[in-house]
Every structure is written in C-alpha cells, then in structure tokens.
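The values are calculated or read from the model by the stated rules, or taken from the named source; none is laboratory data. Predicted model, so just to flag it, every value in this text is computed and none were measured. Using ideal geometry, Cβ is built from the backbone for each residue, glycine included, and neighbour counts are taken over all protein chains shown. SASA here: full protein model, heavy atoms, side chains in, ligands and nucleic acids out. Shrake-Rupley method; radii C 1.70, N 1.55, O 1.52, S 1.80 Å.
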Amino acid sequence: MIRPEYFIETLRGLGIDFYAGVPDSLLKNICAYISDTMDERHNIITANEGGAVGLAAGYHLATGKIPVVYMQNSGEGNIINPLASLTDKDVYGIPVLLVIGWRGKPGVHDEPQHVKQGKVTLPLLDTMGVPYQVLSKDEAEAGRQLKEAVDRMNATSEVYALVIEKDTFEPYKLQNVVNRDLPLSREEAIQKVAASIGEKDVIVSTTGMISRELFEYRTAMGQGHERDFLTVGSMGHASQIALGIAMEKQDRRVWCFDGDGASIMHMGGMAIVASKHPENYIHVVFNNGAHDSVGGQPTVGLDIDLPAVARAVGYADACSVKTEEELLQALENLKSVKGPVLLQICVRKGNRKDLGRPTTTPVENKEALMAFLKI
Ligand SMILES: Cc1ncc(C[n+]2csc(CCOP(=O)(O)OP(=O)(O)O)c2C)c(N)n1
C-alpha cells in the first residue's frame, strides 16, 4: 500500500501542490491527508467534478503549473464536457492530473450503482483520449508512474489519469474535524420527517447514507419501501427527479431528502424547481456541512445560507431548524404551507456503525414506486 504522505510528497517533488475535487470513499485516506495538510488555497473541494476541472484549468492559466483533480469514477460524467471542450489538446491543451477512485471495478463486488460506471471507467478515458495508468500499490513503482505521468504532461500539455483501486492507500484518519455541536443526528432527523409525511406522499432521497437511513427506518417500522425512490447513484439529481414526479402527480406531496453536498453539486436545479411553482414540493436538506458518506470532508453547506438561496431563486418559503422541538414545529407548519418550500435541518456528522444497505434492487425499488404512484 502507498502512504498518503509518500504520494503527496512525491508529487510535490515533481512540482505539483494544488488539488481540487470531490471526495470519494476509495480515496478517503488520501483526501483526508490532503485536507489536513494543504491550506485553503491548495485544496478546494468543489461543487462537482466538472467544476474542479474548470478551477484546475484556471490555476494552470495563472501559474503554468500542473493541478490535480481527485474524484470518484462516478464523477467522470461531470468532467466529460470540460475534458472535451476545455482541456483537450484540440482546444486549449491544459494539463491536469486526474486521480480517479475505481468503484465497481469488474470482478470486485460493489453496490449496484457502481457496476456500470466501474465497467466503463477505462473505456471512457480511452474514448476521451486521456492516457492513464492504474496506480501500483507498490510505492517504488507508483513513484515511477507519477514521474512518467508528470513528464508526459509537461511534454504534451495533456490531461493524464491515475486510476485508483480499492486499498491502494494506507489508512489515514481526518484530523481536522470541525465539531459543530449540533443536537440532532441525520438519522434522527430523517426518522422525524419520514414519520410526519402523509400516506400518499413519496420521498426521493439522495445518494449515500440518507437513502440507507431512510431504508432502515422503513424496515424498522415494518413498512414497505414503495413510497421512496432511493437515488443510490446520480448524486445531485434527486431534486430534479422529485420535480419530475411532483409536476405529474399534483394530488400528492413529493419530498426530496437531499444532502448539502448533493444540493450544492447541482444547485442550479433549485432555480428550476422554483420556476415551476410545484405547490406539492418539499425540499428537505439534511445539512451536516460534510460529504459524510465518503469520509466526512467538509462542504460549504453550513457556511452558506441555503434557505436564503431557496428564497432568492423563488421558493415560496424556506426555513432552518436544528433542535428536535424546532423540527417538530416546522413539520407541523409544513402541513398548511404551499410549496415549493425548503426545510434545512442542521445535523451533526456521523452515522451508526451497523448501518445497512438497501436489500432491494434498484429495479425492484423503481417498480414498487411506480405501482404506488398509480394508486
Ligand atoms: C458525481 C458523484 N461524485 C461523487 C460521488 C461520491 N459520493 C457519494 S455520497 C457523497 C457525499 C454526499 O454528501 P451529502 O450530500 O452532503 O450527504 P451526506 O453524505 O453528508 O449525508 C459523495 C461525494 C458520487 N456518488 N457521485
């Protein structure tokens, strides 16, 4: 395995010390090391991976140096446009070192949302004309690969990718943890909101632990899962899936259970929600100021005023709560409010260690929801 310190210091020796990206569970150790050791100007957790490539390009324009963009392979979709129309040698020719966590690698068991992306990870790089290597788990060999990658980028001004398999980096635990001392856990907040929704209402929940905690809540209550669409992949798009349902099913309320990382990833979607004035739309953001599901790296979620954003783009109402009492009061108020409304619940980071995963397949989930929506 590679020590995070070795990886970062080897890159530093090659003249690279700027990082931007979205964290990933396979890159948890290296992302944590970067978060702890780089200052705010040299490690920027971006809204989405495409934004990281844009930011990296700007850094290169200003310094002439090679930036790193780190991401899960799910983020490949978000970088295709800037790869094809910004960094490619047929356009501006801007070198960026991509560090891509390879979830769903063929032959390695993973969750359903990673299977397809795992299969197309390398073919997508081939199609985009991005040279790559799968990073060796041996330090000396990895060091040689890093040098080869940087030499090539210096010579050609091309993007280059390092694809990272599971267990490539030695463990490293994030030290720089901001403890906000919030009373509610995300799971408690999810349980309270789920318990308050109407019989015919549906929930579209976002990627990561929010969907897992909702699934476990239904199981614990002896309920079925047909009222929930668990957006296991497609991070950042739950609010639009919910809008698609809300506009067609105006006789029931549609709740989007969003994360701060996910809502920021494609924040523009909120403006589109507002522009359609769906009275039956309730956007709940469980805001822990972190990408909790992949290691707890910070987002700007708790530093910005998300309810003010919602109001500014045209939501009918928006509020923020952090105690159980405030939450119960807000849920009561919501019963008589016309949407679209945003309820931000500030929650503390962390999850139960024995949290399970959905036991139904995505297709079973979809079919059960579609049948429920017909009733
Ligand atoms: C496009 C894309 N990039 C990255 C990921 C990896 N990923 C899965 S969940 C998650 C964090 C979600 O954070 P947030 O929405 O704040 O919810 P939390 O985990 O904090 O509850 C990330 C980065 C992904 N699934 N898709």
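Below is a table of values for the structure above.
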quantity	calculated
Value in Å of the Kirkwood radius, where the stretch 231-352 supplies the Cα pairs that are averaged	14.4
Amide proton proximity set for Ser185, modelled H, under 5 Å, gap of 5+	Arg348
Amide H contacts of Ile203 (H built 1.01 Å from N, under 5 Å, at least 5 apart or other chain)	Asp228, Phe229, Trp255
Share of pairwise Cα separations in the stretch 101-216, more than 23 Å, in percent	57
Distance in nm between pseudo-label sites at Glu326 and Ile272 (7 Å out along the Cβ direction from Cα)	3.1
Debye-sum result for the stretch 258-297 in log10 I(q)/I(0), which assumes one identical scatterer on each alpha carbon, at q = 0.17 Å⁻¹	-0.51
J(HN,Hα) series, the stretch 274-283, from Karplus relation 6.51 cos²θ - 1.76 cosθ + 1.60, nearest Hz, glycine and proline x	4, 5, 9, 6, x, 5, 9, 10, 10, 9
Cα centroid separation - the stretch 33-90 against the stretch 257-311, whole Å	22
Mean separation of Cα contacts under 8 Å (6+ apart) over length of the stretch 1-72, as relative contact order %	43
Contact order relative to length of the stretch 66-172, as percent, for alpha carbon pairs under 8 angstrom and 6 or more apart	33
For the chain: accessible area per residue (Å², 1.4 Å)	44
Peptide ranges 130-143, 331-344 listed from the most packed, as the mean C-beta count within 10 angstrom indicates	331-344, 130-143
Area accessible to solvent at Asp110, 1.4 Å probe radius, in Å²	30
Label point at Leu61 placed 7 Å out along Cα→Cβ; residues across the stretch 83-102 whose backbone nitrogen lies under 13 Å	86-87, 92-94
Most mobile of Asp354, Asp251, Asp228 in a GNM of the chain (Cα contacts under 10 Å)	Asp354
Virtual spin-label span in nm between Glu139 and Lys338, 7 Å along Cα→Cβ	6.6
Environment charge at Thr156 (Cβ cut-off 14 Å; Lys +1, Arg +1, Asp -1, Glu -1)	-3
3J(HN,Hα) from dihedral phi, the stretch 234-242, Karplus parametrisation 6.51/-1.76/1.60, rounded to Hz, x for glycine, proline	6, 3, x, 9, 4, 5, 7, 4, 4
Filter on Lys200/Lys366; Lys276/Lys349; Lys200/Lys338 - keep pairs with C-alpha separation over 21 Å	Lys276/Lys349
Hull shadow area, averaged, the stretch 96-159 [alpha-carbon convex hull, nm²]	4.9
Modelled FRET efficiency - R0 41 Å, Glu248 with Gln175, Cβ distances, 0.05 increments	0.30
Partner lysines for Lys119 [C-alpha distance under 18 Å; skip if fewer than 8 residues away on the same chain]	Lys105, Lys166
Reciprocal mean inverse distance between Cα atoms of the stretch 1-117 - Kirkwood radius, Å	14.7
Computed over the stretch 206-281, the ratio Rg/Rh where both radii use C-alpha atoms and Rh is Kirkwood	0.98
All-pairs Cα distance distribution in the stretch 151-202, expressed in whole percent, bin size 5 Å	4, 11, 9, 9, 9, 10, 12, 10, 10, 8, 5, 3, 1
In the stretch 2-88, GluC sites (Glu not before Pro) in a DSSP loop with at most 10 other beta-carbon atoms within 10 Å	Glu40
³J(HN,Hα), Karplus 6.51/-1.76/1.60, whole Hz, each residue of the stretch 35-43, x for Gly, Pro	4, 6, 10, 9, 7, 4, 7, 10, 8
Between the stretch 326-375 and the stretch 180-229, the Cα center-to-center distance that results, in Å	4
Structure-based [θ]222 nm, the chain - -39500 (n - 2.57) summed over DSSP H runs of at least 4, per residue, nearest 500	-12500 deg cm²/dmol
Helix axis angle, 139-156 relative to the chain longest principal axis, alpha carbon, degrees	80
Kirkwood Rh in Å, taken over the chain so that all alpha-carbon pairs contribute	21.5
